[in-house]
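Reviewing the structure listed below.
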Amino acid sequence: MSNDVTRFSAILHTTGGPTIDLVNQGLWAGDWTKGAAGGSGTDETDWADNNDLPNLKAGVLAEGTKWTIDETKNEGTIVYQIRQGVHWALNPASEASRLVAGRELTVEDIIFHMKRVTTDTKAYLYASAPELRTANITKTGPWEVTVKVPLDATISAVSRFGDSIQLEAPEVVAKYGIQTTWRVSVGTGPFFITDYIAGSTLILDRNPNYWEKDPIGRGKGNQLPYLDRVQYIILPDSSTRQAALRTAKIDQMTGFSWEDAAQMRKTSPNLPGLETPGNKLENVGMRTDKPPFNDIRVRRALFMATDFEAILQSLFGGRGQILTFPYSFSKSNAPLYLGLDDPEMPASVKELYVYNPEKSKQLLKEAGYANGFKTTALIPAADVDAYSIYKAMWARVGIDLALDVREANVVTALQTSKEHAPLTRAGGGLSGKFFSLPVLTPGAFPNTSMIDDPLINEETQKMRLVAITDMPKAMVMFKELTKHILDRAYVLPGVQGFSTTFWWPWVKNYSGETNVGYFDARWPQYIWYDQVLKKSMGY
């Protein structure tokens, strides 16, 4: 890894750290067998879009999940059959783990955590899915949990409660609060953390009392995980990371840019690799609730002042995609994606992506900004380079951009409280949960453009209802709605390049996965290590 691990608790954000899903499990997760799975899977997905489609899920802590709707009561009901025989991992060296003492997971644990993430104002789910705050969560059998929500929140509840609530033990929460450090990290997963040195190493050891068996391939039926230990090596310097992989000091590494990937293929042709959507300029949210971006002419002018093609060429060597909004293309979301080259794409939207500073100035003049205007972008340090490109481009049409650079947690806090600047990061990108749409939902954290469009609100509500029973039809509905979303120019989309993952051939049962489902980096539990092959290759 290039950076330290800053989060060990999923309550703060479902994508907070690479180890969360190896330690703390949810009710369901991506079905390993539906991907490549080391050559044994069905290849229904490449997992590149962190998708959350129910047909690509498998039960984890809930071995069964069923949902129904009652339109007469305006109510959706989800029933979970909780898996028996799952135990909290016992790490004898951990005081927090000893507190839970390896006891069996209970229905009460599930209910405790579900209520926690929908009522705790610090929880990511509380901020990103406000429609779930009124969920009625009860125990309806010895191993059964029932959730009732308003009808239009049903599909959101199905997905969010499914894989966005990686459980933490009530005893640990009662004594320590949120799992802010690795020392109080306790879960039911295949590994537990045994050491962490910032800037150096994070170590996870095998949970000897783990419940899951290998579901497919040569090892079908074998007890998981195969590995005794997983080590994440933290190397901030890119060249050092690449050298470590090239010399087999590490076995797998992701995040290679197009330039570095090309070099690695030249120097290490024996390494398998997988290319997936990767680094990008983040989407730019424009506050539509205040001048100047409450004027569609200003928003469209900002698009036309942005040379998307130049960004693609200069940053990504022309390899990647100029994004539409809110999603980029992947194998799993093809039916809903509206790309620039799609025959259905309206001409009024295509116009936005053509660099045209003169038309941009004309629109600004029509909106009352003949001499341009000054504006501010609230960004973390990681976005400075990207916004410096925007700053230079937009200056050509008279837009004077100031950068308000803050710590990432401060940026998040200001976005959550809706006290952010006129410009800032917006949600969107990969279509993990296309049907939940927090980036378009009034009041939701990712909706930094403050979008409150009656047509979008009405159509997304219809789509969510359809998605409960007919996901393919819901995808088609969303593609049609995308035409309106894009034409209103609510968010300036980013440009995305490719990222490559490389690994050594002795990492078996592996096909380059970085996530299996929704930001779920639990692939290490399925792989094994061929030490004989490694030795035969001279290592």
The alpha-carbon center of the stretch 247-315 and that of the stretch 76-148 are separated, in whole Å, by 36 Å
Where labels lie 7 Å past Cα in the beta-carbon direction, separation of LYS462 and GLU71 in nm = 1.3 nm
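Using packing as a proxy for protection, rank 159-171, 258-270, 68-80 so that the peptide with the highest average count of other Cβ atoms within 10 Å comes first.
On the way: 159-171: 24.5, 258-270: 13.8, 68-80: 15.5.
Listed from highest to lowest mean packing, they are 159-171, 68-80, 258-270.
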What is the set of long-range amide H partners of GLN25 at a cut-off below 5 Å, with H atoms built 1.01 Å from backbone N?
-> LEU167, THR188, GLY189
Where a label projected 7 Å from the Cα of GLU95 along Cα→Cβ would reach, residues of the stretch 195-212 with amide N under 18 Å | 195-196
In nanometres, what is the gap between the two model label sites at GLU366 and LEU455, each 7 Å from Cα along Cα-to-Cβ?
-> 1.7 nm
For the stretch 280-496, what value does the Rg/Rh ratio take when both radii are computed over Cα atoms and Rh is the Kirkwood radius, given to two decimals?
-> 0.95
Can you list the aspartates and glutamates whose alpha carbon is less than 15 Å from that of LYS139, not counting same-chain residues fewer than 8 positions off?
-> GLU108, ASP109
Between SER268 and LYS175, Cβ-based FRET efficiency (R0 51 Å, step 0.05) works out to 0.60
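If you add up the charges near ASN55, with Lys and Arg at +1 and Asp and Glu at -1, over every other residue whose beta carbon is less than 13 angstrom from its beta carbon, what do you get?
Values: positive: LYS34, LYS57; negative: ASP31, GLU44, ASP52, ASP470.
Neighbourhood net charge equals -2.
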Most exposed to least, judged by fewest other Cβ atoms within 10 Å, VAL145, VAL476 sort to VAL476, VAL145
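From the cross-link list LYS57/LYS508; LYS34/LYS213; LYS331/LYS479; LYS66/LYS479; LYS508/LYS534; LYS34/LYS331, which pairs have alpha carbons spaced over 18 Å apart? Before the final figure, lay out each step's value.
Values: LYS57/LYS508 23 Å; LYS34/LYS213 16 Å; LYS331/LYS479 15 Å; LYS66/LYS479 27 Å; LYS508/LYS534 11 Å; LYS34/LYS331 13 Å.
Check vs 18 Å cut-off fails for LYS57/LYS508; LYS66/LYS479.
Add +1 for every Lys or Arg and -1 for every Asp or Glu among the other residues with Cβ under 11 Å from the Cβ of GLY38, and state the total.
Numbers: positive: ARG218, LYS508; negative: ASP214, GLU513.
Result for the neighbourhood of GLY38: 0.
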Among the lysines, which have Cα under 24 Å from the Cα of LYS391 when same-chain residues fewer than 8 positions away are ignored?
-> LYS280, LYS290, LYS350, LYS359, LYS361, LYS365, LYS374, LYS418
Taking the Cβ of each residue in THR501, THR240 as the centre, tally the other Cβ atoms inside 10 Å and list the residues starting with the fewest.
-> THR240, THR501
Along Cα→Cβ, 7 Å out, is where each label goes; now give me the distance between the ones at ILE233 and GLN531 in nm to one decimal.
-> 1.8 nm
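Around MET463, with a cut-off of 11 angstrom between Cβ atoms, what is the net charge of the other residues, counting Lys and Arg +1 and Asp and Glu -1? Intermediate results must be reported in sequence, preceding the final value.
Details: positive: LYS462, ARG464, LYS473, LYS479; negative: ASP152, GLU458, GLU459, ASP470, GLU480.
With Lys, Arg at +1 and Asp, Glu at -1, the net is -1.
Every number here is computed from the coordinates shown, using simple stated rules; none is lab data. All values reported here derive from a predicted model rather than from experimental measurement. All Cβ positions, even for glycine, are placed from backbone atoms using ideal geometry, and neighbour counts span all protein chains on display.
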